[in-house]
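The values are calculated or read from the model by the stated rules, or taken from the named source; none is laboratory data. Note that this is a predicted model, so its numbers are computed, not measured. Here the Cβ positions follow ideal geometry from the backbone for every residue, glycine too, while neighbour counts run over all protein chains shown. Quick note on the areas: whole protein, heavy atoms, side chains included, nothing else; ligands and nucleic acids left out. Shrake-Rupley method; radii C 1.70, N 1.55, O 1.52, S 1.80 Å.
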Amino acid sequence: VPQRFQAPKGTRDILPPESGTWAAVEASVRNTFDLYGFREIRTPIFEDTDLFLRGVGADTDIVGKEMYSFEDRSGRKLTLRPENTASVCRAYVEHAMRNLPQPIRLFYLGPQFRYERPQKGRFRQFHQVGAELLGGRGAESDVEILLLLVALLRDLGHADLKVLINTVGDEESRATYRSRLLDYFCPVVEKLSDESKRRLQINPLRILDSKSAVDQELIEGAPRLVDSLTTSSREHFEAVLAHLRSFKIQYQLEPRLVRGLDYYTNTVFEITSEGLGSQNAICGGGAYEKLVEELGGPRTYGVGFAIGLERLVASLPAAFDIENFEFLRGPVVVAAAGRIPTAEDGVSELSKLAEELRREGLPAVEASGKQDRVFEFAKSISAPLIAFLGEEEIRNRDLSVRDSRSKEKKTLPRDEAIRYLKDWFYKNRKRR
Ligand code: HAM
């Protein structure tokens, strides 16, 4: 009996035309990473389970209940990566990147896995695009990462983004804060939710993250971390904010923003999008000063972010004109206006022109048929320009360049036409 299957719970197929949107988004973010000098790292999909225990933190939700962990046939304990920062830091240590000129700027793009309850915007296999800046210097690195993040989203059409920002302080600030939270919550422990009672034992900071209605009132009145910051943490945070103002990056202070991973120190941030429902964080990130050390490397300043691609695609503003983006990436169509002219050596003039363009670095494909069909073809492959070559053009050593959408026409001497095409692509092409 045949059996029908469905994609596993919490996973999904990305089909055309949505897959085209994903490709366009990926091309756009790669372009922005180029602009900021970030280069790609591809780490394994699975890692030693201990990497995440150490890196992300044993008492986080991710490690506690969301990991896809398994033993392979020889009993190695492995986990499908729930996030990418720990892997990047593992690679930084493993490949002694500390010995290269610092800082190291890396980006990644790929699937991550968390055993969460699926809902709108939340999947078990999801995709992140993220960046990590390692071996940099404090506030300056934070600001560089935030500028990159805002640019990535701006290039996708997000205009007035606001960065939600907070500091979780350095270790010393956190130790002070922790004891102040204990002083505050212990006397009222009976009023806390069960989850928060448990968190009080392990990590009282995490109580502030509680979604339980029972806890909200107490959380409202809890001491604030800003009041426990060391001087250096305070100065760090103030420097970040001052630089953001200089760069005219809009931000909103979110004193209650604590992230769900343990490695953060000092600056943390998120960007949310309205219209995404309860899972509204498009991205999150922050600085981590101890993670590389925790993984056996030297003390290294790190800061980074990750954007959830499912949520990013779902919140793309109309300003990110996918169709136009596609046209900026498409080739030149080389076509004959009428009969295909043949050179003296018997080779089609179209083939010669197409190959000449490619050797000049311009994408080109040939087309044949009546003019209407050529326009139809150009549109179907998102080709922005058509270079027509007819008897007359050959005789005059000209080319007629036409815009595939407006049909606007320019007849230019062949050399000039090729220069025109090159200029056009240089200016418009958003492609690596
Ligand atoms: P995160 O906040 O856990 O941070 O994840 C970043 C983003 O990934 C979220 O804002 C969300 O858009 C997306 N995301 C997370 N879980 C899911 C899910 N189950 N389904 C769909 N989307 C999801 C990190 O992962 C850190 N590694 C970020 C970072 C990099 N910090 C420093 N460097």
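Against the numbered list (1) farther than 21 Å from ARG137 by Cα; (2) in a helix (DSSP H, G or I); (3) more than 16 Å from the ligand (Cβ to nearest atom); (4) not β-branched (Val, Ile, Thr), PRO223 comes up short only at (2). Here THR85 fulfils each of the conditions (1) among the polar types (S, T, N, Q); (2) within 9 Å of the ligand (Cβ to nearest atom); (3) out of contact with any Asp or Glu (no Cβ under 7 Å at 6 or more places or on another chain) apart from (3).
Out of LEU156, LEU109, LEU152, report the one residue that is closer than 22 Å to ASP34 by Cα and either part of a loop (DSSP other than H, G, I, E, B) or of a type in the set (S, T, N, Q) (or both).
On the way: LEU109 fails: either part of a loop (DSSP other than H, G, I, E, B) or of a type in the set (S, T, N, Q) (or both); LEU152 fails: either part of a loop (DSSP other than H, G, I, E, B) or of a type in the set (S, T, N, Q) (or both).
It is LEU156.
Report every pair of residues separated by at least 6 positions or lying on different chains whose Cβ atoms are under 6 Å apart, first residue within region 296-318 and more than 29 Å from ARG137 (Cα to Cα), second open to solvent by 20 Å² or more (accessible area, probe 1.4 Å) and part of a strand (DSSP E or B). The qualifying pairs are GLU310/PHE126.
Among residues belonging to region 88-121 that are small (Gly, Ala, Ser) and open to solvent by less than 40 Å² (accessible area, probe 1.4 Å), point out the one that is nearest to the ligand (Cβ to nearest atom).
Of region 88-121, the ones small (Gly, Ala, Ser) are 91, 96, 110, 121.
Remaining after also requiring open to solvent by less than 40 Å² (accessible area, probe 1.4 Å): 91, 110, 121.
Working: ALA91: 14, GLY110: 12, GLY121: 6 Å.
This residue is GLY121.
Quick grid of which residues meet (1) open to solvent by 30 Å² or more (accessible area, probe 1.4 Å); (2) more than 14 Å from the ligand (Cβ to nearest atom); (3) touching a helix residue (DSSP H, G or I) at 6+ places or on another chain (Cβ under 6 Å):
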| site | (1), (2), (3) |
| --- | --- |
| SER246 | yes, yes, no |
| ASP262 | yes, no, no |
| ASN266 | no, no, yes |
| ILE282 | no, no, yes |
| GLY285 | no, no, no |
| VAL292 | no, no, yes |
| ILE307 | no, no, no |
| GLU323 | yes, yes, no |
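Sort out for me the strands (runs of 3 or more DSSP E) sitting completely within region 1-87 that have 2 or more residues that are open to solvent by less than 40 Å² (accessible area, probe 1.4 Å). Where strands (runs of 3 or more DSSP E) fall fully within region 1-87 and carry at least 2 residues being open to solvent by less than 40 Å² (accessible area, probe 1.4 Å), they are 77-80. Once region 163-214 is narrowed to residues that are in a helix (DSSP H, G or I) and among the basic types (Lys, Arg), the residue that is modelled with the lowest pLDDT is ARG206.
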